[in-house]
1. Would you call Thr449 under 15 Å from Tyr319 (Cα atoms), open to solvent by less than 20 Å² (accessible area, probe 1.4 Å) and modelled with pLDDT of 95 or more?
2. All but one of (1) in contact with a His (Cβ under 8 Å, 6 or more places away or on another chain); (2) under 22 Å from Asp94 (Cβ atoms) hold for Ile204, so report the exception by its number.
3. Among the residues of the stretch 495-516, is any touching a residue at least 60 places away in the same chain (Cβ under 8 Å), crowded, with 18+ Cβ neighbours inside 10 Å and either farther than 29 Å from Asn300 by Cβ or in contact with a Lys or Arg (Cβ under 7 Å, 6 or more places away or on another chain) (or both)?
4. Got a number for residues in the stretch 64-91 being assigned to a strand (DSSP E or B) and either open to solvent by 10 Å² or more (accessible area, probe 1.4 Å) or charged (D, E, K, R) (or both)?
5. Looking at (1) hydrophobic (A, V, I, L, M, F, W, C); (2) surrounded by 19 or more Cβ atoms within 10 Å (Cβ to Cβ); (3) assigned to a loop (DSSP other than H, G, I, E, B), which one does Leu218 not meet, given that it meets all the others?
6. Residues that are under 29 Å from Ser404 (Cα atoms) and of a type outside the set (Val, Ile, Thr): which strands (runs of 3 or more DSSP E) entirely in the stretch 246-337 hold 3 or more of them?
7. Just need a number here: residues in the stretch 102-139 that are in contact (Cβ under 8 Å) with a residue 60 or more places away in the chain, in a helix (DSSP H, G or I) and over 22 Å from Phe296 (Cβ atoms).
8. Please give the number of the condition Thr100 fails out of (1) open to solvent by less than 40 Å² (accessible area, probe 1.4 Å); (2) within 24 Å of the chain's Cα centre (by Cα); (3) farther than 30 Å from Gln547 by Cβ.
Amino acid sequence: MSLTSTKMPSFFSKRDLHFNLYELLNVEQLTRYPFFQDHDRESFDMVLDAAEQIADKMLRPLLTVMDRKEPQLIEGKIRVYEGMKEVTKRFGEDGWINATFSYEEGGQQLPVTVQNAAAFIFQAANYSASVYPFLTTGAANLIRSFGSKELIERYTPLMYSGRWQGTMALTEPNAGSSLSDISTSAEPTQEAGVYKINGQKIFISCGDHDACENVVHLLLAKIKGGPAGTKGISLFVVPQKRPTSAGLTENGVITAGVYHKMGYKGAPIAHLMFGSNDDCLGYLVGEPHKGLNYMFQMMNEARVGVGMNATAIGTAAYYASLSYAKERPQGRLITAKDPAQPQTLIIHHADVKRMLLFQKAVVEGALSLLLQCGLWSDLIHVSEGETKQRAELLLDLLTPIAKSYPSEMCCQTTSAAVQILGGAGYTTDFPVEQYYREARIHPIHEGTTGIHGMDLLGRKLILHGGKGLNYLTEEMLRSIAEAKQSEGLTNLALQLEAALERVQKVTGSLLAIAQRDKELLLADATLYLEFFGIVTIGWQWLKQATQAQKALSKTHAENERNFYQGKLATANYFFEYEVVKTISLAERLISHNHVTIGMHPDWF
């Protein structure tokens, strides 16, 4: 076999998406609600088919060239790959940017669950290209949710069309993730709601590029004279070019630089200066000093989105390595010693199967959780009472895991994909090295893993008196009880039950520490996040295994039986190889030997 394969590998599984949407989640249940009543299985399938068409024909062919020809800052403007102009135009024309919004806003009232499944397809095809339109979705959603009628009418239609790019501008050179320390200022003008903006922002995704006509920044700044810290942060619309009666005019936003990155190279990341010549205007969104509360809506949506991005990249790497393993002959089975016999395909080697199972277990487990988060998001929007509250608290509790588990683990799964290809995987002849590089941003994007660990352990667990954790425990116990009734799944159910008991023991032990020493509580918050994440994905795999077992008894088609048997085998792998890690993690988390706190900086 030639090392350079001309065959385009599959980059996602539509069958697995259908399994999640229709068998596990029963997403069609949403059509009972008036907001979604115009949809059905046929319309959902049409959306996924359309996404696959765009992904395969427009995004996938640009995957490599966008990595090789990264954005450049030329004469004050970031120039991106030429093909992105057509891509952004297509996303706008086809209604992808505002698909989940109401008919009155030009949207399609599509469930977030289905939109996220479509976004997953785009991301698996070409992560960099997929970023542009959905950043705009998040920015426009902030304006429509909290902005004045005037702001909504002035900005959102051209954002929905794809002609104007949207961003979120938070990070500053001297603040990083510590938003309380941002220094970008906003000074009131004579016009109500209009402020002069001065400062700089770094690492702004799609902060400037030539595939659009204008860039609309949703920017955090502090109004002069306002409260200190996060309580003084306000949210502003700051366009790169101001819309006026005479057309667009420059708004004092200067692109100071473009970052050249390890991966994710096709999307520009900008360093921006605002108001250097006292000529940058920003328009207040909502009320003063509530900017961080508003921005967290977008950030929480974006965090689930980051988890989906990581999962999509991991999925594409999995299928690339699976394709290679099914075609590459090398070596012989341990029991076959005769060198005269032909070599076997590497997929027959146990260690290669282990690495493939590892990838499959992580990406399909993570996808299951992320689509479940989409369903909760939809239920929050359309349901009432206990159903709405349950969805709100479960989504809030599990957002740190939905973001961080796939972000961390897909760094490992893409590494496994490279390993399966061996030397070939380390070359640019195959896409896995690109996936490996592109996966690494996600533990950093939208809050580092450490931040999410502290958020989960220090805040989310105890919100509303721990009601979210109670709801999650109920959900897991319900899945365990159902699995115990299914032939062959009792062992997995008992393992999850034991892991859940570990979670309860460890959580109780840590929260007891919180009463006397907050630093001690959070010292190993990242490990707690990992621990909790494994159990959560184990829950998803138990649900998948239960559904697969049911389906096996009703189907005789070989390809379908293979699909469900694969689910059962992968669930078994996850419990045997991943869930067992919670035993040592629990031991570490309840230990009284606090190594990291005791380590003095001078000892390094």
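1. Values: under 15 Å from Tyr319 (Cα atoms): no; open to solvent by less than 20 Å² (accessible area, probe 1.4 Å): yes; modelled with pLDDT of 95 or more: yes.
It is false that Thr449 is under 15 Å from Tyr319 (Cα atoms), open to solvent by less than 20 Å² (accessible area, probe 1.4 Å) and modelled with pLDDT of 95 or more.
2. Answer for Ile204: the failing condition is (2).
3. Yes, the stretch 495-516 has at least one match.
4. In the first step, residues of the stretch 64-91 are kept if they are assigned to a strand (DSSP E or B); the result is 72-74, 77-79.
With the extra rule that they be either open to solvent by 10 Å² or more (accessible area, probe 1.4 Å) or charged (D, E, K, R) (or both), the set shrinks to 72-74, 77, 79.
Final tally of qualifying residues: 5.
5. (3)
6. Values: elements: 247-250, 253-258, 269-274, 281-284.
Ranges flagged: 269-274.
7. 14
8. Going through (1) open to solvent by less than 40 Å² (accessible area, probe 1.4 Å); (2) within 24 Å of the chain's Cα centre (by Cα); (3) farther than 30 Å from Gln547 by Cβ one by one, Thr100 breaks only (3).
The values are calculated or read from the model by the stated rules, or taken from the named source; none is laboratory data. Not measured: the values here are computed from a predicted model. Positions of Cβ are generated from backbone atoms using ideal geometry, with glycine treated the same way; all protein chains shown enter the neighbour counts. Accessible surface areas use protein heavy atoms only, side chains included; no ligands, DNA or RNA. Shrake-Rupley method; radii C 1.70, N 1.55, O 1.52, S 1.80 Å.
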